[in-house]
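Here is the structure we will look at.
The values are calculated or read from the model by the stated rules, or taken from the named source; none is laboratory data. Predicted model only: the values in this text are computed from it and were never measured. Note that we place each Cβ from the backbone using ideal geometry, even for glycine, and neighbour counts take in every protein chain shown.
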Amino acid sequence: MIYLISENNNLLASSKYISINTSKSLELIDKCVLNEIQIDTETKGLCPHLNDLLTIQLGTKNNQFVFDLTTINYLELINFLNCSDKLFIAHNIKFDYKFLLSIEVKLKNVYCTQLAEQVINNGKEEPFNLASLTQKYLNISLNKDVRNDIIINGLTEKAVIYAAEDVKHLSLIKEKQLEKVNNDYIKHSVNYLETINLENEVVKVFSLMEFNGVTLDVEKWKTITDKVSESLFKVEKDLDESVKKEPKLNKYVPKEKQLNLFDFEERDLTINWKSSKQKLSILKDLGLNIKSTGAEILQKNKKYEIVKLLLEYNKLSKLNSSFGNNILDIINKKTNKIHPDYWQIVETGRISCKNPNLLNIPSKGELGPIIRSAFTSKKGYKWVGGDYSGMELAIIADLSKDDVWVSALNNGEDLHSKLCAATFNIPIDKVKEPFPFNPSLTYRDVQKTINFGIAYGMSEFKLSDRLNISKQEALDIINNFKNNVPTVSEFLEKLARYGLRKGFIITPPPFNRIRYFSDFNNYKLNETNEKIKGSIERKSYNTPIQGMNADIIKAALINVQKEIDENNWDAEILLSVYDEINTQCIEDKAEEWKVKLEEIMISTAKTYIKNVPIKADCYVNDFWKK
DNA sequence: CAATCGTGCGCG
DNA sequence: AAAGCGCGCACGATTG
């Protein structure tokens, strides 16, 4: 049965549903709903700050309630939602949650059928939109065409029925999903229910983060981007000039330009230095034997002036395009803040971010910290942020239980230096001396490359390339490394064997996040295909480590938000970048909050990583620091 | 002319 | 570029 709660006279007379008032409907809901209730919203657009919330639908399999917010007084409904301890089930709940925030509703318990589906089929190429799930699990086809109708025509009879339909099937879908989780547990001894719970908790934090947004100091940003484009322009001219001076590149200089002494144009060459193809052709004509124009290759040919300039040009060009004034167009007209879209689950369990991507804002080099400093806390508030240090190394130590790694971290030794001394068989006080095969690096630099690289399946090809040494030398170093930390090597190889045997890999307990390898079937068809095999092996190495890191940071976000809510901190989480959590807090509490934040980050990680110490460093500032 | 692909690089 | 993992974005080149 469909119930409509509306004051719209055009709708009230239909025989297809029953019209009742809010009190009566909430009474009914309380009576017929035991512990879970399905929820959905219809809105005038995608932005909770700019577009109105039109309806809220609550429902069970048998009864659906459509609240027409455009005509009723919904205070009572708000109160009901805020106080309810029931589990609210929705598909893509982050969307609805943000719109509920706009009318000051915060649901306590939620289950998102989309997130659950993503967890269950993580890595498989299966659709997870509502229509697909309804089809797949219940063999019912949903008609989604009416959605745009609501935006154009408002609530019609057809729309009421459609809106009700959306809160009819989610409970059953949830049931089927949990059945599948249970079956997988029986079949593979993998229980990723904990991951589903984690995602359903942390989605509330991501909703808040998106809703609250981040402040960008526009004037500061413009000053920086102006400086970048000015430098870019200069380097471009220098590049043009050096082409004109180089006889080998004569063909890029038009004849008439060569003779023209009174050239008043800004540029007289037509080379597009943004074009990889043109760059490659020019560098080849200059005499370089290269196959691509990536930074790593250019770095090795810096004896050419043009290459040096090109490296500088590429850097500035990247900053100018990817981190230029485009971002200003994304600033919300109403809040004057940036509200990015988080994608909550990528294959390893990490998040991603777009419109704009706040996970790759520059932090390195001369300009990085300046660029980040344009992200500020709001007036009267301090930016309180922090990050875990060496989390992935700690995870490797914790999971492998390798004596060398574990004891180094437990004794507060420098892991890179210690391993370095072992790999190269040199005294520990000599690790910062130049690496003989490539004196621009130290032994310790080389070891760092290995520690982060080998653990993810880096081969002698890449290592030799990276360090400018022969394949044999690289191979010797790798073997030496492996012999010195055999437990780490065994641990990683075990993961690779598991991945190749099962076609999926899981992150460590308690989360046991599963990741299927979509190319596993291709591997089974031809097990000698080293390309696919190698790829699965490397993903098997990397996923548990990167994934556990992601699981932990999500748990930390949940705990930080819990602390804010339970103890009424005047603070909010602004953004989380891999192993960073950034918040803002009212000025006079900021120092206290910093201590608390650090404490929560550390204690959260400690509940999952038990064999080695965990460090987090937090700070109080006026803006984002690196 | 729009859609898609390829290259390259920002972050961890 | 097959040969370290995970992303999103911009731009040029190609395709249809």
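When only residues in segment A:343-373 that are among the small types (Gly, Ala, Ser) and within 16 Å of DNA strand C (Cβ to nearest atom) count, which is modelled with the lowest pLDDT? Among those that are among the small types (Gly, Ala, Ser) and within 16 Å of DNA strand C (Cβ to nearest atom), it is A:365.
Checking each residue in segment A:579-623 for being surrounded by fewer than 20 Cβ atoms within 10 Å (Cβ to Cβ) and touching a Cys at 6+ places or on another chain (Cβ under 7 Å) picks out only A:598. For segment A:286-317, the set of residues classified as part of a helix (DSSP H, G or I), surrounded by 15 or more Cβ atoms within 10 Å (Cβ to Cβ) and within 15 Å of DNA strand C (Cβ to nearest atom) consists of A:297, A:298, A:310, A:313, A:314, A:315, A:316, A:317, listed by residue number.
Within the option set A:443, A:456, being closer than 21 Å to residue A:550 by Cα and among the hydroxyl-bearing types (Ser, Thr, Tyr) holds for one residue only, A:456.
Yes/no matrix, rows are residues, columns are (1) surrounded by 14 or more Cβ atoms within 10 Å (Cβ to Cβ); (2) under 20 Å from residue A:125 (Cα atoms); (3) not small (Gly, Ala, Ser):
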position	(1), (2), (3)
A:487	yes, no, yes
A:491	yes, no, yes
A:505	yes, yes, yes
A:514	yes, yes, yes
A:527	no, no, yes
A:530	no, no, yes
A:533	yes, yes, yes
A:540	yes, yes, no
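Taking every residue in segment A:286-300 that is aliphatic (A, V, I, L, M) and pairing it with any residue that is near DNA strand B (Cβ under 9 Å from one of its atoms) and part of a helix (DSSP H, G or I), at least 6 positions away or on another chain, the pairs with Cβ-Cβ distances below 8 Å are A:290/A:280; A:290/A:297; A:295/A:311; A:295/A:314; A:298/A:310; A:298/A:311; A:298/A:314. When segment A:409-451 is filtered for residues that are more than 25 Å from residue A:487 (Cα to Cα) and among the polar types (S, T, N, Q), the ones remaining, listed by number, are A:438, A:440, A:442. May I ask you to verify whether residue A:84 is among the small types (Gly, Ala, Ser), more than 28 Å from residue A:506 (Cβ to Cβ) and in contact with a strand residue (DSSP E or B) (Cβ under 9 Å, 6 or more places away or on another chain)? Spelling it out, residue A:84 is indeed among the small types (Gly, Ala, Ser), more than 28 Å from residue A:506 (Cβ to Cβ) and in contact with a strand residue (DSSP E or B) (Cβ under 9 Å, 6 or more places away or on another chain). Taking the listed residues A:317, A:322, the one that is out of contact with any strand residue (DSSP E or B) (no Cβ under 8 Å at 6 or more places or on another chain), within 13 Å of DNA strand B (Cβ to nearest atom) and either modelled with pLDDT under 95 or under 30 Å from residue A:123 (Cβ atoms) (or both) is A:322, with no other qualifying.
With the condition kept exactly as written, say whether any residue in segment A:386-401 is in a helix (DSSP H, G or I), free of Cβ contacts under 8 Å to residues at least 12 places away in the same chain and within 12 Å of DNA strand C (Cβ to nearest atom). No, segment A:386-401 has no match at all. Being polar (S, T, N, Q) and in a loop (DSSP other than H, G, I, E, B): is that true of residue A:122 here? Answer is yes for this residue. Residues of segment A:332-358 that are aliphatic (A, V, I, L, M) and either within 13 Å of DNA strand B (Cβ to nearest atom) or touching a Lys or Arg at 6+ places or on another chain (Cβ under 7 Å) (or both): A:346, A:351, A:358. Scanning segment A:143-167 for residues that are touching a helix residue (DSSP H, G or I) at 6+ places or on another chain (Cβ under 8 Å), at pLDDT below 85 and more than 16 Å from residue A:8 (Cβ to Cβ) turns up A:143, A:144, A:146, A:147. Residues of segment A:276-311 that are within 11 Å of DNA strand B (Cβ to nearest atom) and among the basic types (Lys, Arg): A:277, A:279, A:291. Within segment A:553-568, the set of residues being within 16 Å of DNA strand C (Cβ to nearest atom) and of a type in the set (Val, Ile, Thr) comprises just one member, A:553.
Across segment A:359-376, what is the total count of residues that are more than 10 Å from DNA strand B (Cβ to nearest atom), part of a loop (DSSP other than H, G, I, E, B) and touching a residue at least 12 places away in the same chain (Cβ under 8 Å)? I'd like the intermediate steps shown before the answer.
Initial filter on segment A:359-376 (more than 10 Å from DNA strand B (Cβ to nearest atom)): A:366, A:370, A:373-376.
After this cut, where a residue has to be part of a loop (DSSP other than H, G, I, E, B) as well, the list is A:366, A:373-374.
Adding the requirement that they be touching a residue at least 12 places away in the same chain (Cβ under 8 Å) leaves A:373-374.
Counting residues in segment A:359-376 that are more than 10 Å from DNA strand B (Cβ to nearest atom), part of a loop (DSSP other than H, G, I, E, B) and touching a residue at least 12 places away in the same chain (Cβ under 8 Å) gives 2.
Among the residues of segment A:341-357, the ones that are under 15 Å from residue A:580 (Cβ atoms) and in a loop (DSSP other than H, G, I, E, B) come to 3 in all.
Confirm whether residue A:332 is within 30 Å of residue A:115 (Cα to Cα), away from DNA strand C (no atom under 13 Å from the Cβ) and either assigned to a loop (DSSP other than H, G, I, E, B) or basic (Lys, Arg) (or both). Yes, satisfied. Restricting the search to helices (runs of 4 or more DSSP H) fully inside segment A:437-547 and requiring at least 1 residues that are within 16 Å of DNA strand B (Cβ to nearest atom) and at negative phi gives A:443-453, A:460-467. Could you tell me whether segment A:163-182 includes any residue that is surrounded by fewer than 19 Cβ atoms within 10 Å (Cβ to Cβ), over 31 Å from the mean Cα position of the chain (by Cα) and without any contact (Cβ under 8 Å) to a residue 12 or more places away in the chain? No - not one qualifying residue is present in segment A:163-182.
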